[in-house]
Amino acid sequence: MAVTFVLTNQKGGVGKTTTTAALAAGLAAAGKRVLAIDLDPQGNLGFSLGLDIDTDQSSTIYEVLRNRVSIREALHRTEVCDVIPSNILLSQAEIELQTDNRVTLLKESLKEVAADYDFIVIDTPPSLNILTMNAYAASDYLIIPMAAEILSLVGLIQLQETVEGVKSSVNPRLRVLGILLTKYNRRTRLAADVLEMASTVAEQTNTALFDAKIRAGVAAAEAPAHGENIFAYAPASNPAKDYECFVGEVLERIKD
């Protein structure tokens, strides 16, 4: 059965999709069978993993959640890994998904393919809504990318409370694997302050910071715009080296 990760942060601009694509690509490069699922209506994850989301009219996660197609019918194969993309239609989910099991729709759908993969990686929108809750309900581990900025600390404690609520209701196995600092510049005083405060918050919420920290670099911002993950776009860049360490650390943590 696949181990499932959800990448989440209620604040935008923290490198969440870049991190999701890097994790999926890094696991695939390690010889693992990987499925990446985009639960963000912006649809950037599929594009970052090589899909042409504008011309591809095949099924998306929206049709899966609406029970219009099976999850297998929405699978797209790329050179990196298998992907279930999204598009702007997914933004209607909060209104349209009104069934009693609306929080566990993804969890139920994934049962059909869970045995086909070693890992499932889920990207989420920068908000706490029905899509994010579906991801939490379906996942084993939650990873929180957080930019090295003071405002990125806001909401972490609230997020932990949400996780505890999910654990007590629809998914008792969910746990936070760690907080990943992105856009990190160790030479600045701000980065040092954020690191100290993030460590304190992590301790208060029974979470741990990843040892890997993703350094700021133009390559990390450019890669998604070119439809590539960071390893394919700039393998020698500092962010690529840092993400490689991050993927290795993820594998070590779940081993423990």
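The values are calculated or read from the model by the stated rules, or taken from the named source; none is laboratory data. Computed from a predicted model, the values in this text were never measured in an experiment. Methodologically, a virtual Cβ is constructed for each residue, glycine included, from the backbone with ideal geometry; neighbour enumeration extends over all protein chains shown.
With respect to Val170, is the statement that it is in contact (Cβ under 8 Å) with a residue 60 or more places away in the chain and either closer than 23 Å to Thr124 by Cβ or of a type in the set (S, T, N, Q) (or both) true?
On the way: in contact (Cβ under 8 Å) with a residue 60 or more places away in the chain: yes; either closer than 23 Å to Thr124 by Cβ or of a type in the set (S, T, N, Q) (or both): yes.
Yes.
Listed residues Arg187, Arg175, Arg102; which is in contact with a strand residue (DSSP E or B) (Cβ under 7 Å, 6 or more places away or on another chain), of a type in the set (D, E, K, R) and without any contact (Cβ under 8 Å) to a residue 60 or more places away in the chain? Show your work before the answer.
On the way: Arg187 fails: in contact with a strand residue (DSSP E or B) (Cβ under 7 Å, 6 or more places away or on another chain); Arg102 fails: in contact with a strand residue (DSSP E or B) (Cβ under 7 Å, 6 or more places away or on another chain).
Step by step, each of Arg187, Arg175, Arg102 is checked, and only Arg175 is in contact with a strand residue (DSSP E or B) (Cβ under 7 Å, 6 or more places away or on another chain), of a type in the set (D, E, K, R) and without any contact (Cβ under 8 Å) to a residue 60 or more places away in the chain.
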Checklist entry - Within region 67-92, can you find the residues that are without any contact (Cβ under 8 Å) to a residue 40 or more places away in the chain and either farther than 21 Å from Asn229 by Cβ or touching a His at 6+ places or on another chain (Cβ under 6 Å) (or both)? => result Asn67, Arg68, Val69, Glu73, Gln92
Checklist entry - Among the helices (runs of 4 or more DSSP H) confined wholly to region 191-256, which include 1 or more residues that are within 29 Å of Val80 (Cα to Cα) and among the aromatic types (Phe, Trp, Tyr)? => result 230-233, 238-255
Checklist outcome for this item: Residue set Ala234, Ala147; condition hydrophobic (A, V, I, L, M, F, W, C), in contact (Cβ under 8 Å) with a residue 12 or more places away in the chain and farther than 19 Å from Gly248 by Cβ; output residue Ala147
Item to check | Test result for Gln57, at pLDDT below 95, out of contact with any Ser or Thr (no Cβ under 8 Å at 6 or more places or on another chain) and surrounded by fewer than 24 Cβ atoms within 10 Å (Cβ to Cβ) | outcome: yes
Checklist outcome for this item: Checked Ser48, Ser86 against criteria (over 24 Å from Lys111 (Cβ atoms) and buried (at least 21 other Cβ atoms within 10 Å of the Cβ)); the one match is Ser48
Checklist entry - Can you find a residue in region 23-37 that is farther than 24 Å from Arg215 by Cα, surrounded by fewer than 19 Cβ atoms within 10 Å (Cβ to Cβ), touching a residue at least 24 places away in the same chain (Cβ under 8 Å) and of a type outside the set (Phe, Trp, Tyr)? => result yes
Checklist entry - Looking at region 91-132, which of the residues that are assigned to a helix (DSSP H, G or I) and of a type in the set (Val, Ile, Thr) is surrounded by the most Cβ atoms within 10 Å (Cβ to Cβ)? => result Thr132
Next on the checklist: Step by step: first the residues of region 195-223, then only those that are more than 29 Å from Gln160 (Cα to Cα) and touching a Ser or Thr at 6+ places or on another chain (Cβ under 6 Å), then the one that is surrounded by the most Cβ atoms within 10 Å (Cβ to Cβ). Which residue is that?
Outcome noted: Gly217
Next on the checklist: Please go through region 161-172 and give me each residue that is assigned to a loop (DSSP other than H, G, I, E, B) and in contact with a helix residue (DSSP H, G or I) (Cβ under 8 Å, 6 or more places away or on another chain), ordered by number.
Outcome noted: Val170, Asn171
